[in-house]
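Some notes on the structure that comes next.
The values are calculated or read from the model by the stated rules, or taken from the named source; none is laboratory data. Quick caveat, the model's predicted, so the values are computed rather than measured. Cβ sites come from the backbone with ideal geometry, for glycine too, and all protein chains shown count toward neighbours. Surface accessibility is based on the protein's heavy atoms, side chains included, excluding ligands, DNA and RNA. Shrake-Rupley method; radii C 1.70, N 1.55, O 1.52, S 1.80 Å.
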There are 2 protein chains.
Amino acid sequence: MAVVTNLEPKRRTSTPLDDLTALVAEDLSAVNEIIIQNMQSSVELIPQLAGYLIAAGGKRLRPVLTLAAANLCGYQGDKHRLLAAVVEFIHSATLLHDDVVDESDLRRGLASANAVFGNKASVLVGDFLFSRSFEMMVQVGSLDVLQILSRASAVIAEGEVLQLRTTNDTETTEEAYLEVIKGKTAELFAAACRVGAVVANRPEAEAQALYDYGMNLGIAFQLVDDVLDYSALQATLGKTVGDDFREGKLTLPVVLSISRGDATERAFWHRTMEELEQADGDLAHAQALMAKHDALTDTVARARHYGALARGNLAVFADGPIKTAMLEVIDFVIDRDF
Amino acid sequence: MAVVTNLEPKRRTSTPLDDLTALVAEDLSAVNEIIIQNMQSSVELIPQLAGYLIAAGGKRLRPVLTLAAANLCGYQGDKHRLLAAVVEFIHSATLLHDDVVDESDLRRGLASANAVFGNKASVLVGDFLFSRSFEMMVQVGSLDVLQILSRASAVIAEGEVLQLRTTNDTETTEEAYLEVIKGKTAELFAAACRVGAVVANRPEAEAQALYDYGMNLGIAFQLVDDVLDYSALQATLGKTVGDDFREGKLTLPVVLSISRGDATERAFWHRTMEELEQADGDLAHAQALMAKHDALTDTVARARHYGALARGNLAVFADGPIKTAMLEVIDFVIDRDF
């Protein structure tokens, strides 16, 4: 990975996300119970497949954000736990459908659910989780929450469809790419944070500040994800390095490389990303072009910009351990190597 | 189609469904407007694909049932129109995902959306329509309605997953088949009818009666659908005859034929449905076995049984043109040839 020495993995035994997770540990444990209860069904394949994906873990970043946001807003009830589970269900349904659409074989270092259970089951169990998430929202009993999360779901789907349109399109601009990731990734981060303020009945200014924090954090998260797809050690990332390249996804590292490249380079990108005619060595050449044009470092720089915005969004809240941990999560999202 | 002469198509210029549709014509026209408005998105592929499926029509049976149920309950507002559009959105999302799962090429006599736009787009636009349907439900502002329709969506997904498990399983019982169709088809009919009573603030007894009417009607509808898959003229049905056979779907005509067949016949069903080893003439042989064992006529007889139950469910309502048309729709569902 000589081309990305400036992004070399930082090995840590504990991350800033662990600090935030520790602060909401009791809630998160309850969320895990709620998740397991609600993925039950008399149709055995549903808990089998859902359990394979959800129980296998992942960072639980989005539900942790919901818990943290509610906590930051001084919420004293327990509805934020149900909401956090809802957010994880929506995320999981999206992952199941994403992996079908992307034809992915790996997820979090394991064979993806569609690779194990088949595409058909992944589509249908995704639909189940999605439907169940709305049943759970109804239990929360807030039309405001339902409005926020149903809108987020529609925006996510729009982002995914937009990504389908920009895939293999080497004319994709940085602006179009940003629209895609705001929809497919950042909107759920934003909604996950916003509902924490709404369930706590806080003023709109705080709800909006948390929405903006989530949106900016989510954008930074996806930018770094897209960098890692070209730079991470596979074992660390838990997915196949070069997936985006093989699928011809026009992520920002590629968009920047194309815009800064000469005619020969543009022909290379056209062949590999648009025609999907790829040979041995093409991924390495793509990585070399990214190094030449600082495409990965500049993508991380963009992530830092959104991280700085997210930092500013929390200014309206009083200082305290939760706020400190939520600020540290911004750095974690940007500096992580997985 | 000599094997199904007892089911020969009845040609009509007007059906009992047309009568019901005419009674709610003004509402239905408003529903079509709501549908078109709500499938809009700045991501052009969404209205393109959704429009291809939804605007192309179909019988609009489910939204017509919502309008009729609200009407039967004396509802005077206009929220039933939004609800009817919601029901059609849920149905459309399900169709999009079904066609991906079933790898279908035809839908309502046209190339299916996945055949035209690809599986990926169908999965994601299905997700969009589904999410948008919940946004629209929130506009209705009733947690009861949200509870009914989110539960229905989860039950539909369970039915679809259960169908995945019974496909290619020649041990499938009539009871298991019934569980599948209650979930995948009848639950939405039931919920579509029930919300008509709920939006009209009618007593639970009426809401339950309409739910039961929809459930029984939906079961009858699916039973006849499964008969038509072996008996209809392709041009009439608007889909490929023998689809279920080619996919190895254990529908009731097959379940009955297997249970009534000898060892040679069971070997035939095992080879064609479980191993999916099918040769020219196998579909015709399957149809001959169904004729020998009265499997199609007995499936229609089951449909008539559920039709009779549906008829009884409407007894609690006062007579009138809407009730008469809703009773006639039962006969339409059973006697239709498409």
| note | Residue hits (region B:256-293; charged (D, E, K, R) and buried (at least 16 other Cβ atoms within 10 Å of the Cβ)) are B:Glu265, B:Asp282
| note | Within region A:74-94, the residues that are within 14 Å of another protein chain (Cβ to nearest Cβ) and over 17 Å from A:Asn32 (Cβ atoms) are A:Ala93, A:Thr94
| remark: Note on region A:4-31: residues modelled with pLDDT under 60 and among the hydroxyl-bearing types (Ser, Thr, Tyr) are A:Thr5
| With respect to B:Asp127, is the statement that it is facing chain A (nearest Cβ under 7 Å), part of a helix (DSSP H, G or I) and open to solvent by 20 Å² or more (accessible area, probe 1.4 Å) true? | yes
| field | Filter result for the condition that a residue is modelled with pLDDT under 90 and either assigned to a helix (DSSP H, G or I) or more than 14 Å from chain A (Cβ to nearest Cβ) (or both), over B:Asn114, B:Asn71 | value | B:Asn114
| said: Here's a check for you: in region B:35-52, which residue that is touching an Asp or Glu at 6+ places or on another chain (Cβ under 9 Å) and among the aliphatic types (A, V, I, L, M) is farthest from B:Arg107 (Cα to Cα)? | reply: B:Val43
| Which of (1) open to solvent by 20 Å² or more (accessible area, probe 1.4 Å); (2) part of a helix (DSSP H, G or I) is the odd one out, the single condition B:Lys59 does not satisfy? | (2)
| request: Being within 15 Å of A:Val125 (Cα to Cα) and of a type in the set (D, E, K, R) is the filter; apply it to region A:79-111 and report the residue that is modelled with the highest pLDDT. | output: A:Glu88
| What's the number of the condition B:Val138 fails, among (1) open to solvent by less than 30 Å² (accessible area, probe 1.4 Å); (2) touching a residue at least 12 places away in the same chain (Cβ under 8 Å); (3) farther than 21 Å from A:Ile46 by Cα? | (2)
| remark: Reported set for region A:107-132 where residues are over 18 Å from the mean Cα position of the chain (by Cα) and free of Cβ contacts under 8 Å to residues at least 60 places away in the same chain is A:Ala111, A:Asn114, A:Ala115, A:Gly118, A:Asn119, A:Lys120, A:Val123, A:Leu124, A:Asp127, A:Ser131
| query | On the given criteria, is B:His80 crowded, with 23+ Cβ neighbours inside 10 Å and more than 18 Å from the chain's Cα centre (by Cα)? | reply | yes
| remark: When region B:150-170 is checked residue by residue, the ones that are within 7 Å of chain A (Cβ to nearest Cβ) and hydrophobic (A, V, I, L, M, F, W, C) are B:Ala154, B:Ala157, B:Val161, B:Leu162, B:Leu164
| said: Please verify whether B:Ile219 is touching a residue at least 12 places away in the same chain (Cβ under 8 Å) and open to solvent by less than 10 Å² (accessible area, probe 1.4 Å), treating the condition exactly as stated. | reply: yes
| said: Among the residues in region A:142-149, are any touching a residue at least 24 places away in the same chain (Cβ under 8 Å), touching a strand residue (DSSP E or B) at 6+ places or on another chain (Cβ under 9 Å) and open to solvent by 10 Å² or more (accessible area, probe 1.4 Å)? | reply: no
| remark: A:Asp319: passes all of (1) more than 20 Å from the chain's Cα centre (by Cα); (2) open to solvent by less than 60 Å² (accessible area, probe 1.4 Å) but (2)
| field | Residues satisfying the stated conditions in region B:188-210, i.e. without any contact (Cβ under 8 Å) to a residue 40 or more places away in the chain and open to solvent by 10 Å² or more (accessible area, probe 1.4 Å) | value | B:Asn201, B:Pro203, B:Glu204, B:Gln208
